[in-house]
1. Sort 2-14, 44-56 for me by packing, meaning the mean count of neighbouring Cβ atoms within 10 Å per residue, highest on top.
2. Listed highest first by mean packing, meaning other Cβ atoms within 10 Å per residue, what order do 24-30, 120-126 come in?
3. Given Cα positions, please report Rg to Rh for the chain, the hydrodynamic radius being the Kirkwood one.
4. Choose one of 87, 69, 34: the residue whose Cα lies farthest towards the positive end of the charge dipole of the chain (beta-carbon charges +1 Lys, Arg; -1 Asp, Glu; about the Cα centre).
5. Does the stretch 1-86 come out rounded, prolate or oblate, given a ≥ b ≥ c as the square roots of the eigenvalues of its C-alpha gyration tensor, rounded meaning a/c under 1.5 and, failing that, prolate meaning a/b above b/c?
6. Could you work out the relative contact order of the chain, using alpha carbon pairs under 8 angstrom and six or more residues apart, expressed as a whole percent?
7. With a 10 Å radius around each residue's Cβ, average the other Cβ atoms per peptide and rank 57-64, 68-75, 147-154, highest first.
8. Taking the chain, how many lysine pairs are there with alpha carbons less than 20 Å apart, if each pair must be eight or more places apart or span two chains?
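Rule-based calculations on the coordinates, nothing more; no lab input. This structure is a prediction, so every number in the text was calculated from the model and none was measured. Here Cβ is always computed from backbone atoms with ideal geometry, including for glycine, and neighbour counts include all displayed protein chains.
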Amino acid sequence: MTSDQFEGLLRWLNTDRTNAGLIYENTRRRLIHFFAGRGRKAPEDCADITLDRVASKLPENYSGDTFNYCYRFAVYIDMERQRKDRLETVEQDSPQPIRDTAGAEEKERKLACLERCAKTLSETDRRLVMGYYPAEGVNKMELRRGMAEQLKLSANALRIKASRIRAILRDCMDGCLAGAV
């Protein structure tokens with residue numbers, strides 16, 4: 001927020017600069033409490049973003065409660081953060097490629113473990129996880145939507161099922177690579 005926007009925000013909050021500062025701090029504290037209650041990472045940053053947005057879109061003639069006006073912005077910021085958190089979770093759940101840093105022998109060992117662990121899955125689970133995590137360039141959303149319809153599952157249920165199977169494979173792989181399997 002620019003200094004002009006901040007000054008405008010303070011004037012909007014109250015004509016008396018001291019009272020405006022107190023209202024600003026109280027509003028920021030309440031917004032932090034709101035975001036913390038919603039489980040947002042860095043609720044202080046979310047509150048600051050909210051106040052920045054409010055300062056950039058101050059209404060000409062607003063006679064209502066200023067916190068309620070700020071709260072409406074906070075709800076939208078919270079939805080944006082929820083969406084961002086979901087996307088980060090999906091990215092973390094995405095399969096990571098086998099890195100070729102250890103050379104061909106290590107890669108062969110990992111592939112052998114993957115084959116051994118895949119054989120421990122039922123045929124249905126093996127097909128599901130192989131289809132859910134396709135090669136690059138495939139329209140994943142369309143593929144997953146079709147899989148969900150075919151299996152008579154919701155998209156969320158399919159995602160959860162694939163994630164659980166992948167966790168089983170990961171645990172098996174960890175044990176195999178450690179020499180326990």
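1. 44-56, 2-14
2. In descending order of packing, they fall as 24-30, 120-126.
3. Details: Rg = 25.3 Å, Rh = 20.7 Å.
With Rg and the Kirkwood Rh in hand, the quotient comes to 1.22.
4. Value computed over the given set: 87.
5. Since a/c reaches 1.5 and a/b is larger than b/c, the shape of the stretch 1-86 is classed as prolate.
6. 15 percent
7. In decreasing order of mean packing, 57-64, 68-75, 147-154 become 68-75, 147-154, 57-64.
8. Taking the chain as the scope, the lysine pair count is 8.
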